[in-house]
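Read-outs throughout are calculated quantities, based only on the coordinates presented, and are distinct from any laboratory measurement. Bear in mind that the values here come from a model prediction, so they are computed numbers and not experimental data. Cβ placement follows ideal geometry from the backbone for every residue including glycine, while neighbour counts extend to all protein chains displayed.
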Amino acid sequence: MKNAALLVLFMLIFLINGCDDQPVVDPKITGIWYQTDEAASDVLGPKERFWGFRIREDGIYAGLGVETATGKIAKLNYQSSVSNVKTRSEDIIFRYVSNIGGVHKDTTTYRISSGELIIDDGIREGTYQPGEIGDLVSEPVTAEFHVNIDGKEYQNYAISTGGASAYLTINEDEQLSLRAMLPSETEHDSPFYFERIIIEVDDFSGPGEYSIGEEEGLWYVFLGDVPVESITDTDSSGTLTISSCDMEEMQCRGEFEFVTQLAQGDGEKVIDDGEFDLPVYK
């Protein structure tokens, strides 16, 4: 499987490069570039936003993320596409083969000013500063999440671009929500293929055991643009236990288990041995 994946990778790179001449890259834009931002103040969840990438001298482009536990720039565990870059006058031309298929091209203008890379338009628009793998760019956060789904063990992404990939929220109505994003057990290794668990319980009052009722527990897998959902369908589908909760540090620990029924067709998902130590956003 690994050798087959490498063969596909090389074929995709060849396909991209075959669309035009070999990439010519302005040496001033090679290296690691990143920018950080925060979500709107009314967003309930992680506020950190990171957008970073590496451009190699041979034109290969790769996205970067932040390791949640350290707050440092790191290589992503997945790659959303095979990409290359070439420059022409004041343009950067990004070519990539997406997981959905096909060769895509984005062209945008750029400039270097005071040591920063400024991309003027397109999905990468912004001002980027130079960096290195291992640079500290955010506060370290403890976000540990482990679970078994139908007997297979999962854990949340350790490196992401939008803060912790698993976390808790408490809204103004004292509803506690747990959200976790997990790498999918498929042959695909990309952000377009992931699994997610969501638990919502009402009347949160601190440590204790809470029943997971009808439509309060959700599992789904997102395969490209095709979601498959499985939802709790009884008032006693499982339990969420909060063993400790430090509201000064905004950190809670606990366990959970529940059973869901597939929304499309028959079948169930057994979700058990769930354990977490997660940040809380309120």
Problem - Rough spin-label spacing in nm, given labels placed 7 Å along Cα→Cβ, for ARG56 and GLU153 - result: 3.3
Exercise for the section: Work the Kirkwood hydrodynamic radius out for the stretch 144-281: mean of 1/r over every pair of different alpha-carbon atoms, inverted, in Å. Expected result: 15.2
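Summing Lys, Arg as +1 and Asp, Glu as -1, what charge do residues with Cβ under 15 Å from the Cβ of GLY126 carry, GLY126 excluded?
-4
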Practice task
Express in nm, to one decimal, how much length is gained between ASP235 and THR108 on full extension, taking 0.36 nm for each residue of separation and deducting their alpha carbon distance.
Solution key: 40.4 nm
Fill in the blank from the handout: Compactness summary of the stretch 22-131: radius of gyration and Dmax from Cα atoms, Å, are 14.6, 46
Fill in the blank from the handout: The set of residues whose placed amide H lies less than 5 Å from the amide H of ASP26, leaving out same-chain residues fewer than 5 positions away, is THR87
